[in-house]
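Colleague: Provided herewith is a single structure, encoded as structure tokens, for subsequent inquiry.
Just so it is clear, none of the values below were taken in a lab; they were calculated from the coordinates. No experiment lies behind these values; they were computed from the predicted model shown. Positions of Cβ are generated from backbone atoms using ideal geometry, with glycine treated the same way; all protein chains shown enter the neighbour counts.
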Amino acid sequence: MSKKKNTLKDLDAFLKQQAATLVAPDPLTTKTEAPAPKPEPVQQPPIKAEAITPPVETPPAAPAATPTPEAAVETPAVTPVAVTIPTVQPEQEITAEKILGDLSRLADREGEAFRKTLYDLIIRSLESRAQSLPEDKMLINTALYLKSGDQWKDVIREYWKQHR
């Protein structure tokens with residue numbers, strides 16, 4: 001009888017071997033403090049003004065026949081108008097189910113190009129983390145491998161040159 005192969009172990013060993021030949025990881029004992037995370041700009045939804053009407057000016061009471069230079073200048077009275085101020089809704093809770101639903105809709109919309117978009121999303125989400133774990137680097141390498149096809153070695157090498 002032949003022994004069954006464990007393909008996950010084979011893939012893990014292959015990716016570790018390739019990652020070691022392409023990018024020499026920093027030793028864990030000499031790592032410096034992680035850089036401070038970049039503050040992300042807060043994006044607020046555009047505010048839509050509803051039912052805004054300009055102030056209504058009332059005409060002066062009686063026009064003067066001949067204005068004299070000593071006469072005080074009358075200004076029209078401005079009456080206040082009710083203005084509806086829109087309320088900003090609080091950010092909705094993020095759940096795995098909502099993300100999965102959004103990914104499903106994105107897959108339906110993009111079709112065959114969805115896989116490369118998904119690989120980009122994985123890479124970008126791992127890049128935005130304050131601290132990088134070895135598993136994160138391995139996942140980035142795997143996404144780059146799947147995304148780039150035959151040129152995967154060059155793509156992974158260039159990626160890590162740019163993101164050191």
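Colleague: What is segment 112-164's relative contact order, in percent, from Cα pairs under 8 angstrom and six or more apart in sequence?
Modeller: Numbers: 25 pairs, mean separation 16.3, N = 53.
Computed value for segment 112-164: 31 percent relative contact order.
Colleague: Still on this structure, please answer the following. With +1 assigned to the C-beta of every Lys and Arg and -1 to the C-beta of every Asp and Glu, and no other charges, what is the dipole magnitude of segment 112-164 about the Cα centre in debye, to the nearest 20?
Modeller: Values: 10 positive and 8 negative charges, 27 e Å.
For this selection, approximately 120 debye.
Colleague: Got a sec? How would 116, 161 order by Cβ neighbour count within 10 Å, fewest to most? Kindly include the intermediate steps, with their values, before the conclusion.
Modeller: Values: 116 14, 161 9.
The most exposed by this proxy come first: 161, 116.
Colleague: Test of understanding: what is the full-extension gain from residue 10 to residue 153, defined as 0.36 nm times their sequence separation minus their Cα-Cα distance?
Modeller: Numbers: separation 143, 0.36 × 143 = 51.48 nm, distance 1.83 nm.
49.7 nm is the gain from fully extending residue 10 to residue 153.
Colleague: Please rank 114, 14, fewest neighbouring Cβ atoms within 10 Å first, as an exposure proxy.
Modeller: Numbers: 114 15, 14 11.
Ordered from fewest to most neighbouring Cβ atoms within 10 Å, 114, 14 come out as 14, 114.
Colleague: Cα gyration tensor of segment 112-164, axes a ≥ b ≥ c as square roots of the eigenvalues: rounded (a/c below 1.5), prolate (a/b > b/c) or oblate?
Modeller: Values: a/c = 2.04, a/b = 1.23, b/c = 1.66.
Here segment 112-164 falls in the oblate category.
Colleague: Taking the number of other C-beta atoms within 10 Å as the exposure measure, put 142, 117 in order starting with the fewest.
Modeller: Details: 142 18, 117 15.
By the 10 Å Cβ count, ascending: 117, 142.
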